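Beneath this line is the structure, given in structure tokens, with notes to follow.
What follows draws every value from the coordinates through simple rules; no lab data is involved. A quick note: this is a predicted structure, and the numbers were derived from the prediction, not measured. Cβ: placed from backbone, ideal geometry, glycine included. Neighbour counts: every protein chain shown.
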Amino acid sequence: MSATGRRVTQLRALEAEAVFVIREVVAELSRPVLLFSGGKDSIVLLRLAEKAFSPLPLQFPVLHVDTGHNFPEVIEYRDRRLREAGHRLIVASVQESIDTGRAREEMPGGSRNRLQTVTLLDALEQHGFDAAFGGARRDEERARAKERVFSFRDEFGQWEPRAQRAEPWSLYNSRIRRGEHVRVFPLSNWTELDVWRYIEAEELELPSIYFAHRRRVIDRDGILLAESEWIAPRDGELVYETTVRYRTVGDLTVTGAVRSEAADVATVISETVTATISERGETRADDRTSEAAMEDRKREGYF
């Protein structure tokens, strides 16, 4: 079998595993929801969910926890993609959480990633969701490497890695007590390269920021942050225009770009093959605050 043939077979095996997980959740739990950011992983996850039940409509709504610090290209893509597919979109607003006193912004214009936790937990409780599909992968970051496919959260939405259940032979124990819920990660065993090859195989559309474009950026601590209404140069920092793309999508204030001329999926794949740092490790400023930054947020109820 050719190398291309092996890749296709591997992708279809990963696809089959993910579709099985999605169907298992729908069969065993009563009110699932799919977390959708408009990023590449959630785009792949949405396609897998559509495949799991085609030609029937999606069996659950889509939830975006909106920080308010978004790339406009991503919001345009989110609205158009879900509208064209006829999916139900629920937007949970971090700004609304701030306005109602549920969350407090420590520094106006700063990252709202940590504030998403309250907004997410409130949305899950408000709508009675007992399972939330997420696009996290184990290769992204240390804390995510500890995740099971079925990641159980207590009645406060908190995660305890030592209390997670075994998953022998892809057998999942989905029983939960009243008030608990489970985060489910069908892409757990995928890599960034697998995601891009699946995007290529399925010819999936992505927000334009994933490909090379000209953008004004600020080099801050080795991360290229987009100039915006929330990000302005500090003393000694320069703003300049260069050709970049994004490897991941998130809060604009902490999500960095990478210098790149990759204008199509094939060229992005070529760059990804040679990458030595994960996309979060290279481009997420908030994950650099400490070695346990992500795990601390996850214990509190983060994605």
With each pseudo-label sitting 7 Å past Cα toward Cβ, what's the Glu227-Ser93 distance in nm, one decimal?
-> 2.9
Percent of Cα-Cα distances greater than 22 Å, calculated over the range 204-287 | 22
Distance between Cα centroids, the range 154-232 to the range 86-143: provide it in whole Å.
-> 13
Note on the chain: contact order normalised by length, alpha-carbon pairs under 8 Å, 6 or more apart, percent, works out to 20
Identify, among Thr274, Tyr198, Leu171, the residue whose Cα sits farthest towards the positive end of the charge dipole of the chain, taking +1 on the Cβ of Lys and Arg and -1 on the Cβ of Asp and Glu, with the dipole about the Cα centre.
-> Leu171
Calculated from DSSP H runs of 4 or more alone, at -39500 (n - 2.57) each and per residue, what is the 222 nm mean residue ellipticity of the chain, nearest 500?
-> -11000 deg cm²/dmol
Sort Lys40, Lys146 so that the residue with the fewest other Cβ atoms within 10 Å of its own Cβ comes first and the one with the most comes last.
-> Lys146, Lys40
Beyond 34 Å, the calculated P(r) of the chain holds a percent of Cα-Cα pairs equal to 18
5 angstrom amide H check on Val33, placed H, neighbours 5+ away | Ala131, Ala132, Phe133
